[in-house]
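Q: Just dropping this structure here.
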Amino acid sequence: MQRYAHILDLVRERNPLVHQITNYVTVNDCANMTICFGASPVMSHAPEDVVDMIKIAGVLVLNIGTLDENQIEGMLAAANGAKKCGIPIVLDPVGAGATPYRTQTAERFMNEFPISVVKGNAGEISTLAGVSATVRGVDSGSISGDPKETARRYAKEYGCTVVISGAEDIVSDGKRVVGVLNGVPMMGKISGTGCMASAVCGAFTAVTDPMDGCIAAMTALGIAGEEAAKTAKGPGSFKPAFFDAAAALTKEQFLKSAKITEYS
Amino acid sequence: MQRYAHILDLVRERNPLVHQITNYVTVNDCANMTICFGASPVMSHAPEDVVDMIKIAGVLVLNIGTLDENQIEGMLAAANGAKKCGIPIVLDPVGAGATPYRTQTAERFMNEFPISVVKGNAGEISTLAGVSATVRGVDSGSISGDPKETARRYAKEYGCTVVISGAEDIVSDGKRVVGVLNGVPMMGKISGTGCMASAVCGAFTAVTDPMDGCIAAMTALGIAGEEAAKTAKGPGSFKPAFFDAAAALTKEQFLKSAKITEYS
Amino acid sequence: MQRYAHILDLVRERNPLVHQITNYVTVNDCANMTICFGASPVMSHAPEDVVDMIKIAGVLVLNIGTLDENQIEGMLAAANGAKKCGIPIVLDPVGAGATPYRTQTAERFMNEFPISVVKGNAGEISTLAGVSATVRGVDSGSISGDPKETARRYAKEYGCTVVISGAEDIVSDGKRVVGVLNGVPMMGKISGTGCMASAVCGAFTAVTDPMDGCIAAMTALGIAGEEAAKTAKGPGSFKPAFFDAAAALTKEQFLKSAKITEYS
């Protein structure tokens, strides 16, 4: 547990630059949550800009929540730069499974680039892994099979870390499978929790290996959510409290509250 | 009154998918307010994506607050899909009357598609209805004539439901004219209330007829605003309280607080 | 001091229309902060739209935080319109110094248009002024030389007002150099404070001369930050409190709290 808690301090110490190309719905939340955990967000999507921005970044986070052809062009340029520089890439395949355009774009990035982390809900990841699933807009529907097995198999196939967010988050690198039980239902009652999780997975992956980084990231975000829910009167007041709790989260609180299960 | 209050429950029960193509200023507020009322928002604007997304949606909400040629192209593709599938379309003609580009774009959608609901401020709707009015940026200025008559006439001409937001919201389907007196001035002191109203009109229209749906939507949003104003210290704290109140709004509170006037 | 405090009232009285072409990260904050200080925001970036919108605006604010070719095209059209109509232009060169694309775009606007105000952090302004500096993403790094001298020289060279934000904000029109010590570190712990400052500098510049306007704007925003920090539990709760404090700021409080130093 100490090693996960330590990553929290590492991010704050190293303050990695998290280059994000993301959707226009939750981008402000992603920027603020990145700051709350001690990293620096920079949003840049123009092909002319990303080629230089990626060189000074510690990680690239791609989120296809409101993708279009222009944005994909920028994502490709940034991902190529990340590949060349050996910078890890985190992909959030928002809405994969809901439309072919989203599914195919996510698959394209998975196949053409050395993705370090792919983080989505059960429906999105199952879709990419070829498991029968339904995705409604950006929300997960029913899925077939055991998400732990889906995560492990897909992670192994692509040599990456897979994060399936849910009541229990599943994280796998193809060998280990870990569950994170931190978090509260209120996190699903605001727009942007999934996107913020990807940003935080990015910030943590910038300072350590993706598997440990994502376990720590999902745990930290979950604990912040639990803290925020204690005082929130609804989804509106939950959000400011969520940021407050993330910014205030200490190593000690992490150690006390983390619910991490090593399944294998 | 029971029939309007009932719609509140219907939305929460059916959880319609509200496909929104909207401006980048208030999009996060629209997503969150959609969730607060029990519907699911999905933002998608790429022509390649909207053709499939619209098929699983319960309603399409178009908001031209920060329109450009690319976005209009996506809106046209989505509207064509909605037309084919018989999915209702809600149009928010933000800034119509302020610039010819906005006025003409709004007119184009009114003329080319079976718009179910057009919701704007008095200046925007008056402009579209050919009534002398001034619009300053995205704010309504002075208008000529009686907004009730403007709403009724324009609704009749286009066979749609017209919502004019204001101190008293006016809703008309060309026959009936209804006023909603719920709401507080603070709602006009934050960016996004009008856009959120369109999103909520969309969510309600997805589960019932547009006229009743919009009356219920404007009433529900107004009551949430009244509740939020009770504790808010200013526009900053009003916003989280607004979302909290919307999420907590019950049928009972709706029945107790609704101020709906059937004018004819 | 009275003359700065008076500008606060002037903005609320005249309610200028602040035409903003800005980044998609903090645009909602910019809109809300503009309203809090009594001005009206309008976001419009399509070349077809800006040519008419700029005609009714009191000021144009350009922020290159998430620039791309399409947005630059809209900015050029708007800036040309502003130039023709004699409307002041405020430029926020976000990330200049971090990438050549940002630096060159900022330089292009400085060279081709009569910019009234350029507002950035020390790294951004130093980069534009040809002083050795580092910029990391959108955050200032180390700089060479005295920022007061950099501001004065660059302001003189371009015949504009230069604002360097920081622990002490520096404002210069090439002759006078003024420091503003209002503000708190928490303002740097949320995304968007710099962008909001540019929007408020714009609102104030719309009603008075740029030098006095920017001094008053930076002071007013700093005081609002100080007030908000008194009750905030973290960056999340700071933000709503920041808006509340800005909206509630009176001339009396301004006079009591302003920390303005006329250096020369």
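Q: Apply 1/(1 + (r/R0)^6) to the Cβ-Cβ distance of B:S142 and C:N80, taking R0 = 41 Å, and write down the FRET efficiency to the nearest 0.05.
A: My answer for the efficiency is 0.85.
Q: To the nearest 500 deg cm²/dmol, what mean residue ellipticity at 222 nm is calculated for chain B from DSSP H runs of n ≥ 4 alone, each contributing -39,500 (n - 2.57), summed and divided by the residues?
A: So the helix-based figure for chain B works out to -16000 deg cm²/dmol.
Q: Moving to a separate point now. Quote the accessible area belonging to A:H45 in square angstrom, nearest 10, computed with a 1.4 Å probe and with ligands, DNA and RNA left uncounted.
A: Number for this one is 30 Å².
Q: Next question. What aspartates and glutamates could a cross-link reach from B:K175, if we take a straight Cα to Cα line under 16 Å and drop same-chain neighbours fewer than 8 places away?
A: Result set, ordered by chain and number: B:D146, B:E149, B:E157, B:D209, B:D212, B:E262.
Q: Moving on to the next point. Radius of gyration and Dmax for the protein assembly as shown's Cα atoms, expressed in Å?
A: Using the Cα atoms of the protein assembly as shown, the pair Rg, Dmax is 25.1, 73 Å.
Q: Under 13 Å from the 7 Å Cα→Cβ point of B:D209, by amide nitrogen: which residues of the range B:4-21?
A: Those under the cut-off are B:4.
Q: Hey, another quick one. If Lys and Arg each add +1 and Asp and Glu each add -1, what is the summed charge of the other residues whose beta carbon sits under 13 Å from the beta carbon of B:S198?
A: -3
Q: Over 28 Å between Cα atoms, which of A:K239/B:K55; C:K148/C:K230; A:K230/C:K189; A:K189/B:K84; A:K230/B:K119 qualify?
A: A:K239/B:K55; C:K148/C:K230; A:K189/B:K84; A:K230/B:K119, as the Cα separations exceed 28 Å there.
Q: How large, in percent, is the carbon and sulfur part of the accessible surface of the range A:2-262 at a probe radius of 1.4 Å?
A: Ligands and nucleic acids excluded, carbon and sulfur reach 52 percent.
Q: Right, here's the next one. Just name one of C:G141, C:Y154, C:G183: the one whose Cα is farthest towards the positive end of the charge dipole of the range C:2-262 (beta-carbon charges, Lys/Arg +1, Asp/Glu -1).
A: Most positive-ward Cα: C:G183.
Q: Could you tell me how many cubic angstrom of Cα convex hull volume the range C:1-85 has per residue?
A: Once divided by residue count, the hull of the range C:1-85 is 98 Å³.
Q: Say the dipole of the range C:5-109 comes from +1 at the beta carbon of Lys and Arg and -1 at that of Asp and Glu; which of C:A46, C:G86, C:A98 then lies farthest toward its positive end?
A: The residue sitting farthest along the positive end of the dipole is C:G86.
Q: Quick one: divide the alpha-carbon radius of gyration of the range A:175-260 by 2.2 N^0.38 Å and tell me what you get.
A: 1.04
Q: About the Cα centre of the protein assembly as shown, what is the dipole size in debye to 20, counting +1 per Lys and Arg Cβ and -1 per Asp and Glu Cβ, all else neutral?
A: Computed charge dipole of the protein assembly as shown: roughly 1200 debye.
Q: While we're on this one: Taking a label point 7 Å from Cα toward Cβ, how far is C:N70 from its twins in the other copies, in nm, shortest first?
A: Once sorted, the set of distances for C:N70 reads 0.3, 0.3 nm.
Q: Let me test this: with uniform point scatterers at the alpha carbons of chain B, what is the Debye-based log₁₀ I(q)/I(0) at q = 0.16 1/Å?
A: So the normalised log intensities are -1.17.
Q: Next question. May I ask for the Kirkwood hydrodynamic radius of the range C:21-167, worked out over all distinct Cα pairs and given in angstroms to one decimal?
A: So the Kirkwood estimate lands at 15.5 Å.
Q: Separate question: Need one number for the range A:121-264: average projected area of the convex hull over its C-alpha atoms, nm².
A: 8.4
Q: Now for a separate question. Can you compute the charge dipole magnitude of chain C about its Cα centre, using +1 on each Lys and Arg Cβ and -1 on each Asp and Glu Cβ, nothing else charged? Give it in debye, rounded to the nearest 20.
A: Using only the charged Cβ atoms, the result is roughly 500 debye.
Q: Put a dot 7 Å past each Cα toward the Cβ at C:S264 and A:K175; how far apart are the dots in nm?
A: Each label point lies 7 Å from its Cα, and together they span 6.4 nm.
Q: Can you give me the C-alpha center-to-center distance between the range B:11-35 and the range C:199-235, rounded to a whole angstrom?
A: The range B:11-35 and the range C:199-235 have Cα centres separated by 32 Å.
The values are calculated or read from the model by the stated rules, or taken from the named source; none is laboratory data. Note that the coordinates shown come from a computational prediction; the quantities given were computed from them, not determined experimentally. Don't worry about glycine lacking a Cβ; one is built from the backbone with ideal geometry, like all the others, and counts go over all protein chains shown. These area figures cover heavy atoms from the full protein model, side chains too; ligands, DNA and RNA do not enter into them. Shrake-Rupley method; radii C 1.70, N 1.55, O 1.52, S 1.80 Å.
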